[in-house]
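The values are calculated or read from the model by the stated rules, or taken from the named source; none is laboratory data. Every value quoted in this text rests on a predicted model; they were computed, and no experiment measured them. So basically every Cβ, Gly included, is an ideal-geometry build from the backbone, and we count neighbours across all protein chains shown. Ligands, DNA and RNA are stripped out before the accessible areas are found, and what is left, the full protein with its side chains, is counted by its heavy atoms. Shrake-Rupley method; radii C 1.70, N 1.55, O 1.52, S 1.80 Å.
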Amino acid sequence: MFRKILIANRGEIACRVIRTAKRLGISTVAVYSDADARARHVAMADEAVHIGGAAVRDSYLVAERVINAAKLTGAQAIHPGYGFLSENAGFARACAEAGLVFIGPPPAAIEAMGLKGAAKALMEKAKVPVVPGYHGDDQSPDLLAKEAGRIGYPVLIKAVAGGGGKGMRRVDAAKDFAAALAGAQREAANAFGDDKVLLEKYLVKPRHIEIQVFADGHGNAVHLFERDCSVQRRHQKVLEEAPAPDMPPAMRTAMGEAAVAAAKAIGYVGAGTVEFIADVSDGLKPDRFYFMEMNTRLQVEHPVTEMITGQDLVEWQLRVASGERLPLAQKDLAIDGHAVEARIYAEDPQKNFLPSVGLLHRLRPPAEDAHVRVDTGVCEGDAVTPYYDPMIAKLIVWDRDRLSALRRLRQALAEYQVAGVATNNAFLIALAGHPAFMAGDLDTGFIERFRADLIPTPQPASTMILALVALAVTLERREAVARQTAQSGDPWSPWAVVNGWRMNDQGWDELLVRERDTDIRCRIEYLPEGDLRVHGPEGSLVAQGSLDGDGGLDAVIDGRRLRAGIVRQNDDIVVLLPGESHRLTIVDPRAAGDAEEGGGGQLTAPMPGRIVQVLVTEGAKVEKGQPLLILEAMKMEHTISAPSRGMVAKLPFRAGDQVAEGAVLLNLDIED
Ligand code: MV4
């Protein structure tokens, strides 16, 4: 086994690989770009090497820098993860030339699957079923049109070099063929620099079912059953599950054997996935599946296979790459239960799923256990940047059967708290609870067909939400006042007897908030014992509760106990409830921004970063302007100085600690 490996990737997959390496006692080297200096994968690895700028073409895609990093650190092998250099045969060769093991298939196997037409021909020869069609060298429009007629409409024109649906055209009738062909060729030439196409019978109701395969360097190959990835949006997978719903055992056997035959036909070694398309116009039928392509890497959705087989596929990859035999034979592998993976993205379903960049002000995944697994590469306080894929996490659940697993998935999604960016969380909950999805009535058109059910129009904040906002703001204000009273040491100070966020005699306040350009007004009545009565658009509620000091609000609303996440960023407040999130702006000039002032000497981080140096100790007397802390953020050092004379009351961080934007760095008891 290897002593040390380098992971040529970032984000959740780099963290995922490091986790297994650690468990096996293998040292790890991370690589990172300018944007990732403080990323989770860097913190997790034993060592890390900077390889360039934030843009992937300046760092994660530069083969030479990755190889140099491995040589520099004495790593023996390189795990490429997925994406980036993972299916680059040139990189696999360069590794070998540098005396490094590429943890993946032989370069020739990557190349064999790289071109679709050649791959299809190879598969036909290996008796793997392929979609009826034409994949010859003769590309003359007349011949292609004749072939289309022979196949029978509808036909699909696909770019030979293609992938991800680019250069694909469906043609329903002969009269449309010539124009569609020209369009597909133009798109293919632009996208891949190769205008060659192939033709296929168009399947009207397809399901995407893929088989996980594994081969070692001793001639053994097995499959680890199927995954169903039919639910996609613009060729992006959204939910993946294993096993495939309603898979007939005979079809599973046939597909598994075909996938192993595909791997053997190209001398495959390592983890691979053979993608099939199944024609489900009459349900799943053992003879209606066809080879699409083979992905010569570990895939994003590999955890669902791990959950139903109990195997660690990264461990298998490391064993096979270091020359060992496959850990198990086919007869030793079995399916146990059902697993589903949801990809949580920083994207806004309301804005056509536009990626949403920003700081993850709050990021609280559900607790992990035997049923729930969270694969993520980010922590609270990290940023979602435009440089990389905006996936926040993969949430994977397991249970005895599919419906139980889906129930767990909805529960775990509802528990996942994210504030700072928009997410597809509510969309995923709607998907996992959709009657047609629960019935297993899947195909690749699912999301488009049920779009209206899955992207619900956002509901304005209810009185309940307003009551939580009023409660949070009032409690914050009361805490600030209590701090100030303690600092002034004067129990008779008028500040000590205020009701709410502001001293007033009336016993009530107005609260004005804005949500997506709509103003919502409510009235807060201060009741004896500190309770509030909040009068909102749908009536009034009595609210009481407490803040837990960690962004949690324990509330009792009209006698109903609940926990909410509360994120304050200046005048914005995000309220997180299970499966529901509201971002509101506090418009009321009296309430807005008050929380900060009340704290007096509370110094907060102006941006996320790392504490470089702490220059004072608790209890120290400091002068106005005296430097207290040095914070490193955005590649610059920022000195946090005392705003006035006083004493350092609380110093929660030490040098080296990461801090989120807005984190309280220091409490200063102000002397006046
Ligand atoms: C097809 C098809 C129907 N008939 N081929 C899309 C991407 C590429 N990997 C294969 N794709 C398809 N090929 C034939 N002959 C429908 C699709 C397709 C699809 C396939 C898998 C997952 C999602 C999809 C979404 C739209 C179309």
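Using r as the Cβ-Cβ distance of V612 and L403, and R0 as 60 Å, what FRET efficiency do you calculate, to the nearest 0.05?
0.70
Give me the distance between the Cα centres of segment 407-459 and segment 28-103, rounded to whole Å.
If we compute the Cα centre of each part, the gap is 35 Å.
Using only alpha carbon positions, build the gyration tensor of segment 1-142, then give the equivalent ellipsoid semi-axes as the square roots of 5 times its eigenvalues, largest first, whole angstrom.
After scaling each eigenvalue by five and taking roots: 35, 17, 14 Å.
Given labels modelled 7 Å from the Cα in the Cβ direction, how far is it in nm from H638 to D369?
Using points 7 Å along Cα→Cβ, the separation is 4.0 nm.
Mind computing the radius of gyration and Dmax over the alpha-carbon atoms of segment 7-51? Å is fine for both.
Calculated on Cα positions, Rg and Dmax stand at 9.4, 30 Å.
Give, in whole angstrom and from largest to smallest, the semi-axes √(5λ) of the equivalent ellipsoid of segment 239-306, with λ running over the eigenvalues of the Cα gyration tensor.
21, 16, 10
Using a 1.4 Å probe and counting only protein heavy atoms, arrange H235, H535, H638 so the residue with the most accessible area comes first.
Highest to lowest solvent-accessible surface, that is H235, H535, H638.
How long is the chain along each principal axis, judged by its Cα atoms, biggest number first, in Å?
Principal-axis extents of the chain (Cα, largest first): 92, 58, 48 Å.
Given the whole protein assembly as supplied and a 1.4 Å probe, what does the accessible area of L354 come to in Å², nearest 10?
Number for this one is 100 Å².
At 7 Å along the Cα-to-beta-carbon direction for both R654 and D572, put a label point, then send me their distance in nm to one decimal.
3.4 nm
For the full complex of protein chains and a 1.4 angstrom probe, list H218, H434 by accessible area with the highest value first.
Correct descending sequence by accessible area is H218, H434.
Applying the Karplus parametrisation 6.51 cos²θ - 1.76 cosθ + 1.60 with θ = phi - 60° to the phi angles of segment 454-470, what ³J(HN,Hα) value in whole Hz is obtained for each residue in order, glycine and proline being reported as x?
8, 10, x, 5, x, 8, x, 4, 7, 4, 4, 5, 4, 5, 5, 5, 4
So, for the chain, what is the accessible surface per residue at a probe of 1.4 Å, expressed in square angstrom?
Value for the chain: 42 Å² per residue.
Solvent-accessible area of M391, probe 1.4 Å, all protein chains present, reported in Å² to the nearest ten, please.
Surface accessible to solvent at M391 totals approximately 30 Å².
FRET efficiency for A414 and V204, Cβ-Cβ distance as r, R0 = 41 Å, nearest 0.05?
It comes out at approximately 0.70.
Could I have the simple spin-label model distance between A54 and K331, label points 7 Å from Cα toward Cβ, reported in nm to one decimal?
5.7 nm
Keeping the other protein chains in place, figure out the carbon and sulfur percent of the accessible area of the chain, with a 1.4 Å probe.
Roughly 51 percent of what the probe reaches on the chain is carbon or sulfur.
Taking N as the number of residues in segment 138-197, what value does Rg over Cα atoms divided by 2.2 N^0.38 Å take?
Dividing the Cα radius of gyration by 2.2 N^0.38 Å gives 1.02.
If you rank I277, I557 by how much accessible surface each has, with a 1.4 Å probe, what is the order from largest down?
Output order, biggest surface exposure first: I277, I557.
Estimate the FRET efficiency between S140 and R449 by the formula 1/(1 + (r/R0)^6), using the beta-carbon distance for r and 35 Å for R0, to the nearest 0.05.
Here the calculated transfer efficiency is 0.40.
What order, most packed first, do the peptides 605-615, 392-402 have when packing is the mean number of other Cβ atoms within 10 Å of each residue?
The densest-packed peptide leads the list: 392-402, 605-615.
Take the alpha carbon atoms of segment 173-272, find their radius of gyration, then divide it by 2.2 N^0.38 Å using N residues; give the quotient.
Normalised by 2.2 N^0.38 Å, the Cα Rg of segment 173-272 equals 1.40.
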